[in-house]
Every structure is written in structure tokens, then in C-alpha cells.
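Where a number appears in this text, it was derived from the coordinates with a stated rule and is not lab data. Fair warning: this is a prediction, and the values are worked out from it, not measured in the lab. FYI the Cβ positions are ideal-geometry reconstructions off the backbone, even for glycines, and counts take in every protein chain you see.
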Amino acid sequence: MVTTVEGTGLTTAEAARRLEQVGPNELIQRGRISVWSSIGLQLRDPLVAVLLAACVLTLVTGDYPDAAVIAFVVLVNTTVGVTQEVRADRAITALAQLSAPIVRVRRDGVETSLPAASLVPGDVVMLGEGDIVPADCDLLEASSVLVDESALTGESIAVGKVGPRGEGPGDALSSGTVVVKGRAVAVVARTGASSALGQIAALMDTRVQPTPLQRRLAELGRTLALVAVALCSVVLVLGLARGEPLELMLVTAISLAVAAVPESLPAVVTLSLALGARRMVARNAVVRRLPAVETLGSVTILATDKTGTLTEARMLVEELWTPEHSVGVSGQGYAPHGALVSAGAALDPSRAPDVIELLRACVLCNDAHLTPPARPGEPWSGLGDPTELALLSAAGKAGMRKNDLDRVLPRVGEVPFDSATQRMTTAHVVVRDGEQRVLVVTKGSVEALHTRHGPGREAAVWRSALVRADDLAGQGFRVLALTAGEVRMGADWENSPQRLLGLVAMNDPAKPAARATIEECRTAGIVPVLITGDHPATARAVALRVGVLDPEGADRTSSVVTGPQITAGEVADLTLPRVFARTTPEQKLDIVQAWKDRGAVVAMTGDGVNDGPALHRADIGVAMGHRGTEVARQSADLVLADDDLATVVAAVQEGRRVYANIRRFLVFGLSGGAAEILVMLVGPFVGLVVPLVAAQILWINLLTHGITGVAIGAEPVSPDAMNRPPRPSEQSVLGDGLWQRVVLISVVLSAVTLALGLWAHHDQRAWQTMIFLALTCLQLGVAIGLRPVQLTRQNPLLPLAVAGSFVLGVAGVYVPVLQDLLGTSSLPAADFAVAVATGILGWLIARATPARSVRQSAGRPGGSTS
């Protein structure tokens, strides 16, 4: 039974007053990165600590120019690192706000949708299946409400909740719990930190944890640091063996170790991921968990639902079928304007009581509400499930209005739609011969209602209905059956027998861009798989229409399978079919797990509460932002603000861009550092005793690993990024030829530098200054050469950063103060031109060693697109 208590909600003015008084409905936020804590983290970095020790050492020995350079490098590196961390933290916080839950609220007596953060005590909220309770509430109305309280209590069994009983209050709902069944209206009692969830959150540390990629790169950094320290120790020993001063060689070795390792890499990665996530927001994809940005580039399987993802999710009833009539329905959208046509002529509803009874059932067993346009020329809209809105629209074309029928036949009970039973039932008071009885109406899938209410005495009618349903489903229609029956008041109406009223066929047209999106997936090496609860014939028709199946694949019986076939054990390998129909939530989990067991990286879309487990199980869970339930959104890694599958492809492209830029930064940083070490190692053996002093090494490191390195992380996506297969998820960040590329570039850079130094030394030129300038220009040339698109106006920061670094490099040669600090001298125009021209060689070697496409063996998932 439905218990009702009036609740018109707060006025907007009163809600604003209370919001100012109690604050937003948000949990206590902990773990935000402060500037001072970030500075502390930067200074505690082992390599920076070594650099600080070197600064102290040079001060003690009176080498003030080197001490000043070291201190300046530490200051700039720390500033860049802190800026990156703070910006990334702010970006992550902004993402959390974008993915904040939305709740339906009654304000000023009108139902509206608002961010949950704006709730205040006294607000009246509407909750349905799949909604997360946004604050501690007391029930005003309840209809078959079951709540999952495991998030608070640990109990896995859903708890029933009821509304007010007599004079007593309704049951309480705790924030963070999930409505798994039924509908409710509740009044907010406590919000934010005062709620049950807020009190628990106060005990938690919500600091953002490093992503898997960050952890792998941090481990790589430690390994590189050990290697660099070992090689720099060799430089130290060789210098001492030649009789160089201990202080000079010690500071040089320390500076070389710092320069050789891109110590800013973790901060650059965090910023790249966060900014990549922000770019996804601009493309209507809200990333709820930062590691998803990294994982997106590896997706090999896209398991998608149908309604609203591949199709418009704006259902339109096109045919009504009863045992006596077959009626076409005209009209567009949700507007209740159109005509009923039978046998080529307009049908007068008053002459077809069977059609009227069918349409009346469509209105009664319905929780949606149509809304007329606010202004002339605007379309009709509605609140509720698109299928139910389409049913209301069809009934409106026969002159029926929900408010009128609800007054005449008030609802006294209901069994909400259940994805397992695939049906919904409502009970209404009807008066027959002066006696009150209960009219029971059920709508659901043809198979579910046939199993429950047929065939009995209606065997012939059901046979005709099943034949017509198969025919309609084969044409791509979604088919619902409606049944009805009457029982005396007080009888067990939930299990009463019902007779078939008829069928409703509706069409959800494919989105115009759906086929192109699926084709993009195939081109990118991503296999599309359709998983739906619809009829298999409907699923096959839609899959053919959008390209999930090709005509040859559609003819194979193994391409389309059903949930009952999986249950019966008829499907040996769940990775072979491309279309799954009539599936249960458990089977969705099995399908996702089967692909993961095969080594695939699975992205799955979903919108219902029943999709939550599969979204959580998938490597990337993708929820619909508009029509998705709160459970689906909170279970997902990615939320589509526009409910468009093309946005997933855009997000995959962004994921590949972020990962490619991180690898690009590694090539740039590691090759430059390795070149500096090689120059310092080999130089003494070819007659260049100390190719670079410590201050020069640190200045080069400042110019290359600073703003230039950060700018590389903002490079545009490569034109062929979506024409390559996904990278294997187990692949090392230095895999697929990257470390070989680093070695080749570093060898060329060091060889060019040493050759220039030998020539300048032989001709008694300022050879050390020329080496300093050449090595700077060579690395800046590599930075430009690594760009995926050379002449592009995207990411103007990189050419500006290179130009700025070049100017600072030249300043180190010609500005007197910097000459004293760096130990350089002014170069003649010819020598300057030769040193700068080496940058062209850096550009050429970067262009001559392109990144290899990721290769997959034939046995990997994603190789087949059938």
C-alpha cells in the first residue's frame, strides 16, 4: 500500500536562508594539498636534498657563483613542482564537483533537479530505484521501498522501509544508502557533516592516492636515479684520477645526477592526467577517478547497452495490437498530438473499446509525467522513463490524461519494475455495480507476462500475440505486453490472474552518429559488444543498423545469444558473441569477467541500478549522466554528460593522448640526461677534461626539464592515434621501442656535442661554452621534433617555452652576471651560429626515430572485429 503525507517542500527563499545557516550538504574534505606541504614534499625529494647538500658544500668552500646557481635551480624546480601539484589538485577537486550527485527536490511546490550539495533540512526529495540517499531523511511516502544499507551497516540484505503509520513518523533513511526498489518521498533531516555518512567521513583521510602509472614511474625514477648515481660516481673517480679538485668533481657529479633524472616526472604525470581529465570534461566526459585517464588508452572491448547509448532514448509508439485491432500511431516526440489509424483509415477510439482499454492500462501502470511546453514552439518534455513517456504520449492521442485517470482510478498499491521479473504491476480502486474492487494492471516483456498469465483459456490469443511480437521485434521495435484483471477488495491482487489486453510496439531510432562511432571503435582496434535486456530480434536489428554486426555476422547463430541460453550452458565462450539479449545483471558480470580473463581491457556502459556491479567490475565503467541512476554514476569511472557513445571514443582518444605525451616527455627528459652523462664520461678520454661545469649542467637542466618539459604534456593528439590498436595493458611505459629510441637519441646528441667540442678545442675556441650552448639547443630541437604535428597552432605553450629556454640559454653566454655564475664567455657570431645550428640535428634525430605503433599478436582480444 502507498502511504501519503502532503509535502509541498520549502520555498526557494527559505531554502537559501537555511543553506546559509547550515552550509552545503557536503562531507568534510580532507587531504587538499596546501602550498607549504607541497613545498615540503618537493624539498624532501632525495635528489633535491642532494642538490641542497651540494649548495651547502659550495658555500663552505667559498664557491659562491656555483652556490647561487644551485640555489636558483632548486628554487625554480620547487616552484614549478609546487605549481604543478596545486594545479592538479584543483583540477581533481573541480572534477569531483562536476561529478557530484543530482537529486529531485520539491521547491515552491514544483519538482526540480538540483545538486545534492544544495539540500537543506526541510527539503522534500523524491527517490526512486537506483538513487543514492543524499542526506539523512524521514519518509513521507513509500511504495515498496527496499534500501541497501551495507555502506553503513555491512549487512548485505536490503531493508524494507515504510512511510508514516497513523500518527507515527515514517522510517528514516541514512545518507549514502541506496534505494534498490520502489519509490519514496522524504523530508531531509540532517545534511553534510551532521549526517550519518558525514560522521563517518570525518574519521577518514580523503587524500588523492597516486595512480598506478604514477607508482610505476616513481619506481622507474628510483631505478634511473641509482643508475645515474653509479655513472656519476665514475665521472667523480675519473676526475679525481686526473687530479681535478675534489670539491669541483663532487659538485659536478651531484649536478650531473640531478640533471640526468627527470625528477619532476611524477608532478608532470599528475598534471597531465588532471588536465587530460579536464579536457575530457570539455568533451562531455567527466572522469570520476584519475587512473581512468590512463586506462582509457588501453581499452580493447567496448560493451555497450542499447537504449540511449546507441539509440535516441526517446521512444515513440508506432503500433498498438489487440486481438481485434492492429492500429498505427502517428506523431512525433512526446507531444500527445497525432492520430490512430487502422486499415488505412482514422480510428474513432470510441468505437474500439479494446484499444481504449489497452491505452488506459498504459496510463495507469505508469510513473512518468508529461510536461507541456513553457513557450509556443518548444517541444513537450517529461519526467520519467522514456518508455513510459511514450506510452503517455500514445494515450494522449486518444484524449487520455494521466491526472484525470488517476483521480477516477486512484492507485492503492504497486509492485515497481524489477529487471529480474521484467514487469511492473499497479493496483487501482474501481467501482463495479456500487462495489469497490481492485483493478490490477501489469506491463512488461512479452515473455515475462506470457510465463505468468498465459496461456490458460487464452491460449489462442497468446499464440497470436507471440507471433506478432516476434514479427515486430524482428523489425527493430521494442514490444511490451499489457495485462489486466480484477479482484475483490482485500484479496491478494499481486498474484491474481490477468488477461492479455494487447501489445505496444515502439521504436527508439538509432542516433545519427551511432554507426560512425562504432566504425571509429573498429578502426581504433576496439571491439564493440552490445548487451541489452531487449528481445534478441530487436537487439539484432539495432546491432545491424549501427554496425555492431555486419550482415554476414548477423546470420551466424553464435553472434546473438540470450540470457536463457547462457543460463542453460549453451554458450561455451562468452567472448565469441557480439550481441547479448535478455541478460540479467549477473550475466553482465560474467560477460565482463570472461573478456578480462582473456586479457582484454573492458569499458562498459550502463545506466541502471542493475548495471552497478558490472560497471564496477569493468576496467572502465561508463555511466550515463542524464538518464543514468545515481548508483550507476557512482559505480562508474567515467560519466557521459551527453549520454553519447561518441563521447567514449573521444575519451579514449584523450587517454591515448595523455599516455603518448607522458612517453614523449620520457624520451625528451631521459635522452637529454643520458647525453649529458655520456658527454661527461667520454669527454676526458678524447681530450675534453671537464666538458661542463656543475653550474652549466644545472642551467641546462633548468631550461629543459622545467617549463619545456611541462609544455610537452599539453601536446595535441597524434593524427593517427585512433588508427592504431590499443596498447597492451601490461606493456612497460618504456616498452614498444621507447628505451631504444632514448638510447639512439642520446648517443647522437652526445656524439654531435663531443664532435663540436673537439673541433672548437682544436681551433682554440671557447669550446666549453660552445658545448654548453650546443647541448641546450640540441635538446630544444628534440623537443620540437617530438611534436606529433609540426606546424600546428595547438599547444602554443611548447614553441613559446622552447623560445624562452633558448633566450635564457643565450643569456647564459652573453649576460655578464650569468657569465660569472656559469663560467661561460661570449662567442663570436660564427661560433654562436655553429652551436645554435646543432639544434637542427636534434630536430632531425627526433623526426628520424618516430614512435612505433603498438603491435598486438593475432591472439590478443581486439584483433577480431566480426
### Whole-angstrom gap from the stretch 612-686 to the stretch 273-317, using each part's C-alpha centre
13 Å
### Message
As a footprinting exposure proxy, order M680, M506, M424 by other Cβ within 10 Å, with the fewest listed first.
### Response
M424, M506, M680
### Message
Rounded to the nearest 5, what % of DSSP beta bridges with both residues in the stretch 316-507 are antiparallel?
### Response
100 percent
### Task
Subtracting the Cα-Cα distance from 0.36 nm times the residue separation, let me have the gained length for D470 to V743 in nm, one decimal.
91.9 nm
### Message
Distance between the C-alpha centers of the stretch 109-132 and the stretch 526-568? Whole Å please.
### Response
38 Å
### Task
Rank these for me by crowding, R633, R423, R351, R278, going from fewest to most other beta carbons within 10 Å.
R351, R278, R423, R633
### Message
Checking the a/c ratio against 1.5 first, then a/b against b/c, what shape does the Cα gyration tensor give for the stretch 494-628?
### Response
rounded
### Task
Give me the lysines in straight-line cross-link reach of K161: C-alpha distance below 23 Å, same-chain residues under 8 apart excluded.
K181
### Task
Pull out the extension gain between L75 and D404, defined as 0.36 nm times the separation in residues minus the alpha carbon to alpha carbon distance; nm, one decimal.
111.0 nm
### Relative packing of peptides 231-244, 480-493 - highest average C-beta neighbours within 10 Å first
480-493, 231-244
### Summary
When R463, R107 are ranked with the fewest other C-beta atoms within 10 Å first, the list becomes R463, R107
### Message
Which of rounded, prolate or oblate describes the stretch 463-571 when judged by the alpha-carbon gyration tensor and an a/c cut-off of 1.5?
### Response
prolate
### Task
Order the peptides 393-399, 754-760, 296-302 from the highest to the lowest mean number of other Cβ atoms within 10 Å of their residues.
296-302, 393-399, 754-760
#### Entry: Debye-sum result for the stretch 316-507 in log10 I(q)/I(0), which assumes one identical scatterer on each alpha carbon, at q = 0.08 Å⁻¹
-0.25
### Query
How much length is gained on full extension from R463 to A594, taking 0.36 nm per residue of separation minus their Cα-Cα distance?
43.5 nm
